[in-house]
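S.K.: Shown below is the structure under consideration.
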Amino acid sequence: MTGIPVLTYHSLHAPGDGYASNDHVALAADLVTLMEAGYEVVSLGEIVDRLLQRDADWFMSGGKAGISFDDGCNHDFLDFSHPGLPTLKSFNTLLAEFNRRHAPPRPARATSFVIASPVATEILDRTCIAGRGDWHSGWWRDAVQGGLLDIGSHGWDHLHPSLPFVCHTRGARDDFSQVDNAHDAAMQIEQAEAYIRQVIGAEHATGLFAYPGGKASRYLVEEYFPAQGLIRAAFGTGGQPVSIQSNRWHLPRYVCGEHWSSPAELAVLLQPGR
């Protein structure tokens, strides 16, 4: 593959115990697939740094991939145990186990793009999971201090359709491309970034953003982000590798279950020339 594939997972997607029905199972397998294909997992921060430096040779050299997690449920960092169910290893635990077992030259690390609003995540914990307190910001600082997870922004409230109210002038739901003016951008992006920095400390801020659902407005990509100074780069989906030609404000990612659904499909995706 020419360029840097960024693979995306959702820790909430774990209804079953197989690869296609559990992103935790998929991540564990995919880390091995990446290693066997000769890929090193690098941080999204490094990918963005190299892009801003216009380091074309680094992007063309191949053998590097990024990993990100969307939504910021506790299962990104905290193992989940419930009576009668097997322990669900968090994404952070899976990264740590891979690093211990295989000792890559640099530890594999990832970026967790979190929904920032504590009110929204408390409601989502009840409406999307089981209301056991599994969606909050209490783990963010521990995660960044642990060295395997960076924290990025997935918006203030994701414009999530399960919420009774969202921070949007027209009450738009489930379509972040409707964030198309300065007021809504300030509420969804600046408010979220300020809260994340308050929780983890400004020194740990990545300045990275991921569009909820991969949906970006022309206003955000062409006007808002280029003119502001808090966010360094924004990620969508798109199913392409990041290259030196990629738009810094709409960087592509691959989504587990959408762009690949098995280790074999990921191996094909990673082949040279893809």
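The values are calculated or read from the model by the stated rules, or taken from the named source; none is laboratory data. Because the structure is a prediction, the values reported are computed rather than measured. Reconstructed Cβ throughout: ideal geometry from the backbone, glycine too, with neighbour counts over all protein chains shown.
S.K.: Considering each of 8, 33, 2 in turn, give the residue that is of a type in the set (S, T, N, Q) and at pLDDT below 95.
M.R.: 2
S.K.: Condition first: touching a helix residue (DSSP H, G or I) at 6+ places or on another chain (Cβ under 6 Å) and either of a type in the set (Lys, Arg) or modelled with pLDDT under 95 (or both). Now tell me which residues in the range 214-228 satisfy that.
M.R.: 215
S.K.: Under 8 Å between Cβ atoms, which residue pairs at least 6 apart in sequence (or on different chains) link something in the range 224-241 that is on the phi > 0 side of the Ramachandran plot with a partner that is of a type in the set (Phe, Trp, Tyr)?
M.R.: Cβ pairs passing all conditions: 239/254.
S.K.: Any idea which residue in the range 183-210 is surrounded by the fewest Cβ atoms within 10 Å (Cβ to Cβ), counting only those that are touching a helix residue (DSSP H, G or I) at 6+ places or on another chain (Cβ under 7 Å) and closer than 19 Å to residue 223 by Cβ?
M.R.: Of everything passing the filter in the range 183-210, 185 is surrounded by the fewest Cβ atoms within 10 Å (Cβ to Cβ).
S.K.: Within the set of pairs 6 or more residues apart or between chains, which connect a residue that is over 18 Å from residue 208 (Cα atoms) inside the range 53-75 to a residue that is basic (Lys, Arg) and modelled with pLDDT of 95 or more with Cβ atoms less than 6 Å apart?
M.R.: Filtered contacts from the range 53-75: 58/50.
S.K.: Also, quick follow-up: How many of the residues making up the range 155-193 are in contact (Cβ under 8 Å) with a residue 24 or more places away in the chain, of a type in the set (A, V, I, L, M, F, W, C) and closer than 28 Å to residue 45 by Cβ?
M.R.: Residues in the range 155-193 being in contact (Cβ under 8 Å) with a residue 24 or more places away in the chain, of a type in the set (A, V, I, L, M, F, W, C) and closer than 28 Å to residue 45 by Cβ: 10 in total.
S.K.: Just one of (1) part of a strand (DSSP E or B); (2) surrounded by fewer than 15 Cβ atoms within 10 Å (Cβ to Cβ) trips up residue 97, so point out which.
M.R.: (1)
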